[in-house]
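Colleague: I am attaching a structure below and will ask some questions about it afterwards.
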Amino acid sequence: MTTDAGLRLELSQPGDHVRACFTPEPGRLPPDRATLEASLEEHGWRGARLDQSAVNAFLTQCQLADGEVDGVIGSLLDGAFELEITADKLSLLLTLMPPEGGRAIDIEDIAAAATSMGVVALLDKAAIEVALEAGSCEGREIARGVAPVQGQAARFDSLVQPRKPAQSESEDDRFDLRDLGSLLLVNPGTALMRRTPAKAGQDGMDILGKPIPAEPMVDTPFAADLTGVAIDPNDPLLLLAVIAGSPRVLPSGVIVSPVVDVEAVDLHSGNVTFDGSLRVSGDIRTGMSVRVTGDVVVSGTIEAAHVEAGGDVIVKGGIIGKAETAHGADSGEIASVRSKGAVHARYIQNAIVEAATEVVVESGIRQSDVSAGERVTVGSPTGQGSISGGRTRALASVSTAMLGAPAGTATTVQVGLNPFADQQKAELEEQRRKILEEQAKLQQLAAFFAKHPERAVGDIREKARATMYKINRDLFELDAEIARLAEQMKPSEEAVIAVGRRIHGGVTMQVGHKILKVMEDKTGGQVRVVDDRISVT
């Protein structure tokens, strides 16, 4: 086709190279760039990929030519696209490249390519049209499968109302323990826990039409070997108390322990060891021993005795040993209290106290070794609470008004590390070793039955399967506990020692792995690690 400027455009054969030709005639002006672009538009080649240096050379030759001029000035490129199936096969992604003077991609091209890939999911035509209108896109989703809907694991909801501490009138008596001595008790027939069965998920389907199974959900039953409780005969999802006692909530069940009342633990009563909770209206005398699986509530004091509780230890009086220090003293002279819950007392002196959760003391801790899995709180920040001498450790925080003593008594406070981590890790690993040994024995038994099915008489095979299920569940829970403990063995960034009024000389404070020794008295504050060093603010 010839324009008014004598310009002719054609495609080289074979190929899609654009060739421009110009024949000069008298009175005919040579073509310029606008003429060239108009001619490309007229041919439907708008946007062709031009070689600018070739275009400039051609137009320059046209200005000087006295005979026909021709040359390749560019090429035509058709539009292109790529389809990608994501790794989970739930999405089809479109990447679209625009044409450069060539043929544009249409929706039929994309649909045909998707079909050739085996895609059966419906294409999102609206998304494709938006991409075609824009001329290009990268990774646009144009088809989607149906993702599986995951089910819900069995849920255990406690119906036991926690014991509420007494309400105080002012800040100074917020840790008054006079009203904390009452145990949480339940009667036979009390509803303790409701189990919501596991809910199965829904399978999905990928864009190729293949099913994607939902993760199977194990319908975990109430824990085995629960004591003092039974499943409601009229409601298999409800756990009831069958005895009067003190409840202890577990992840998948509740244990109810009987409560025993004694006037005192002394030579008259003898040492106390049983499954349940203990209320002592008087004192636990020097040299005596108490080991119970529930709570221990003492209206008087704990002297240089040994107390172990599976629940809380609440002492309206104090915990006081005979020795001047809890470190290196004769075991018969030290008060020793270990709790898998919390320890609350009016004061602690010359004692070893360990609590899985918290230690709350109304007035003070003196010359004692106190450890808590979460926090130690003494008095109130502006009150008279004090910690002097000995060692006090907690994972999250230690809070008191006064730290140390004017006489420079050596006092150590540590936060940010689980004080029981090493011991707990060793115990958990020993439990895991024993469970793995049981698992190996059952696996050998299962292999034997597989080879000799005639030996699996009665329900022995079903019992073995039930035992294996319990072992696998225990192993799963144990691994989760070991992983949680591993996190607690790392220094906690939020750990703090809070001293409301004064820190005396002779105090050593450790936050995580950082240590600060106080040589002279100083005003209290928040002691934590800031910029990799201990700071008091």
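Colleague: Starting from the Cα-Cα distance between Thr23 and Leu185, subtract it from 0.36 nm times their residue separation and give me the gain in nm to one decimal.
Modeller: Numbers: separation 162, 0.36 × 162 = 58.32 nm, distance 10.95 nm.
Answer, rounded to one decimal: 47.4 nm.
Colleague: What is the helix-to-structure angle for 125-134, meaning the angle in degrees between its Cα long axis and the longest Cα principal axis of the chain, kept from 0 to 90 and rounded to the nearest 10?
Modeller: Approximately 60 degrees, to the nearest 10.
Colleague: Using R₀ = 22 Å, calculate the FRET efficiency as 1/(1 + (r/R₀)^6) where r is the Cβ-Cβ separation of Val457 and Ala224; round to 0.05.
Modeller: 0.35
Colleague: If you don't mind, there's one more thing I want to ask. Rounded to the nearest 500, what is the chain's calculated 222 nm mean residue ellipticity when only DSSP H runs of at least 4 contribute -39500 (n - 2.57) each, over all residues?
Modeller: Helices in the chain give a 222 nm mean residue ellipticity of -6500 deg cm²/dmol.
Colleague: For region 260-419, take the convex hull of the Cα atoms, compute a quarter of its surface area, and give me that in nm², please.
Modeller: 8.4
Colleague: Tally Lys and Arg at +1 and Asp and Glu at -1 over the other residues with C-beta under 12 Å from the C-beta of Leu428: what net charge comes out?
Modeller: -3
Colleague: Sticking with this structure for a sec: Could you give the nm distance between label points at Asp232 and Asp474, where each point is 7 Å from its Cα heading toward the beta carbon?
Modeller: If labels sit at Asp232 and Asp474, their model points lie 3.0 nm apart.
Colleague: With Cα extents along the principal axes in Å in mind, check (1) 134, 79, 46; (2) 87, 58, 40; (3) 76, 58, 57 and report the label derived from this structure.
Modeller: Among (1) 134, 79, 46; (2) 87, 58, 40; (3) 76, 58, 57, the one derived from this structure is (1).
Colleague: What GluC sites (Glu not before Pro) does region 467-536 have in DSSP loop regions with at most 16 other beta carbons within 10 Å?
Modeller: Here the sparse-neighbourhood loop sites are Glu493, Glu494, Glu520.
Colleague: Equivalent-ellipsoid semi-axes (√(5λ), Cα gyration tensor) for region 7-75, whole Å, largest first?
Modeller: 19, 12, 11
Colleague: Report, ordered by chain and residue number, the lysines lying within cross-link reach of Lys210, taken as a straight Cα distance under 16 Å and ignoring same-chain residues fewer than 8 apart.
Modeller: List returned: Lys89.
Colleague: Would you mind checking which residues have amide H under 5 Å from Gln414's amide H? H placed 1.01 Å from N; only 5 or more apart, or other chain.
Modeller: Thr392, Arg393, Ala394, Gln510
Colleague: Fewest first, what order do Cys21, Cys62, Cys137 take by the number of other Cβ atoms within 10 Å?
Modeller: Lowest count first: Cys21, Cys137, Cys62.
Colleague: Please arrange Leu403, Leu77 by how many other C-beta atoms lie within 10 Å of their C-beta, fewest to most.
Modeller: Final ranking by Cβ density, sparse to dense: Leu77, Leu403.
Colleague: So which of Lys125/Lys199; Lys425/Lys514; Lys434/Lys490 end up more than 32 Å apart, counting from Cα to Cα? Could you put the intermediate results ahead of the total?
Modeller: Details: Lys125/Lys199 36 Å; Lys425/Lys514 23 Å; Lys434/Lys490 27 Å.
Flagged as over cut-off: Lys125/Lys199.
Colleague: At a Förster distance of 22 Å, what's the computed FRET efficiency of Asp70 paired with Ala104, Cβ-Cβ distance as r, to 0.05? Intermediate values should be presented prior to the final figure.
Modeller: Details: r = 28 Å, r/R0 = 1.29.
Approximately 0.20, to the nearest 0.05.
Colleague: Also: Post the alpha-carbon centroid distance, region 470-537 to region 369-421, in whole angstrom.
Modeller: Cα centres, region 470-537 to region 369-421: 11 Å.
Colleague: Here's a follow-up. Would you tally the net charge around Ile73, using a Cβ to Cβ cut-off of less than 14 Å, leaving Ile73 out, and scoring K and R as +1, D and E as -1? Provide the component values of the computation, followed by the final result.
Modeller: Numbers: positive: Arg8, Arg19, Arg33, Arg49; negative: Glu10, Asp16, Asp32, Glu37, Asp51, Asp70, Glu100.
Cβ neighbours under 14 Å give a net charge of -3.
Colleague: What distance in nm separates the two pseudo spin-label positions at Thr508 and Ser289, each 7 Å out from Cα along the beta-carbon direction?
Modeller: A separation of 3.2 nm, rounded to one decimal place.
Colleague: When Lys and Arg each count +1 and Asp and Glu each count -1, what net charge do the other residues less than 13 Å away from Ala214, Cβ to Cβ, add up to?
Modeller: On the way: positive: Lys199; negative: Asp203, Glu215.
Cβ neighbours under 13 Å give a net charge of -1.
Colleague: Taking H placed 1.01 Å from N in the peptide plane, check which residues at least 5 places from Leu77 or on another chain put their amide H under 5 Å from its amide H.
Modeller: Arg49, Glu100, Gly101, Gly102
Colleague: Once you have a ≥ b ≥ c as the square roots of the Cα gyration tensor eigenvalues for region 228-328, tell me rounded if a/c is under 1.5, and otherwise prolate or oblate according to whether a/b is larger than b/c.
Modeller: Taking the square roots of the gyration eigenvalues as a ≥ b ≥ c, region 228-328 is prolate.
Colleague: Considering the zone a paramagnetic label at Gln152 would reach in this model (a point 7 Å from Cα along the Cα-to-Cβ line), which residues of region 182-206 have amide N under 20 Å from it?
Modeller: Output list for this probe position: 192-204.
Colleague: Separate question: When the Karplus curve 6.51 cos²θ - 1.76 cosθ + 1.60 is applied with θ = phi - 60°, which whole-Hz ³J(HN,Hα) does each residue of region 228-243 get, with x for Gly and Pro?
Modeller: Ordered by residue, 3J(HN,Hα) equals x, 9, 7, 6, 4, x, 9, 8, x, 9, 10, 9, 10, 6, 10, 9 Hz.
Colleague: Mind pulling the angle between the C-alpha long axis of helix 460-488 and the longest principal axis of the chain? Nearest 10 degrees, somewhere in 0 to 90.
Modeller: In the chain, helix 460-488 runs at an angle near 90 degrees to the longest axis.
Colleague: Which of the GluC sites (Glu not before Pro) found in region 329-390 are in a DSSP loop and have at most 16 neighbouring Cβ atoms, other than their own, within 10 Å?
Modeller: Glu374
Colleague: Run down the lysines and flag those whose C-alpha is under 17 Å from the C-alpha of Lys463, throwing out any fewer than 8 positions away in its chain.
Modeller: Lys441
Colleague: I would also like to ask the following. Long-range amide H contacts for Gly524: which residues qualify at under 5 Å (H placed 1.01 Å from N, peptide plane, sequence gap of 5 or more or a different chain)?
Modeller: Arg501, Arg502, Ile503
Colleague: Take Gln161 and Ala410, extend 7 Å from each Cα along the Cα→Cβ direction, and tell me the distance between the two endpoints in nm.
Modeller: The modelled label-to-label distance comes out at 5.1 nm.
Colleague: Rounded, prolate or oblate: pick one for region 422-488, where a ≥ b ≥ c are the square roots of the eigenvalues of its C-alpha gyration tensor, a/c under 1.5 means rounded, and failing that, prolate if a/b is larger than b/c, else oblate.
Modeller: prolate
Colleague: Another one. Would you mind putting 295-301, 232-238, 347-353 in packing order, based on average other-beta-carbon counts within 10 Å, highest first?
Modeller: Sorting 295-301, 232-238, 347-353 by mean packing, highest first, produces 347-353, 295-301, 232-238.
Colleague: HN-Hα J couplings of region 418-426 from phi, Karplus 6.51/-1.76/1.60, θ = phi - 60°, integer Hz, Gly and Pro as x?
Modeller: Coupling constants for region 418-426: 5, x, 9, 4, 4, 5, 5, 4, 4 Hz.
Colleague: Students often forget the sequence filter, so: which lysines lie under 24 Å Cα-Cα from Lys316 once same-chain residues fewer than 8 apart are removed?
Modeller: Correct list for Lys316: Lys164, Lys340.
Colleague: On to the next question. If I take R0 = 56 Å and measure r between the Cβ atoms of Met117 and Val242 in this structure, what FRET efficiency does the formula 1/(1 + (r/R0)^6) give, to the nearest 0.05?
Modeller: Rounded to the nearest 0.05, the efficiency is 0.35.
Colleague: Another question about this same structure. Once you sort the root eigenvalues of the Cα gyration tensor of region 80-144 as a ≥ b ≥ c, which label holds: rounded (a/c under 1.5), prolate (a/b larger than b/c) or oblate (the other case)?
Modeller: The shape class here is prolate.
Colleague: Right, next: How do Met402, Met205 line up, fewest other C-beta atoms within 10 Å first?
Modeller: By the 10 Å Cβ count, ascending: Met205, Met402.
Only the coordinates and a few stated rules stand behind these numbers; no lab work does. As the structure is a prediction and not an experimental result, all values here were calculated from the model. All Cβ positions, glycine included, derive from the backbone under ideal geometry; neighbour counts span all protein chains shown.
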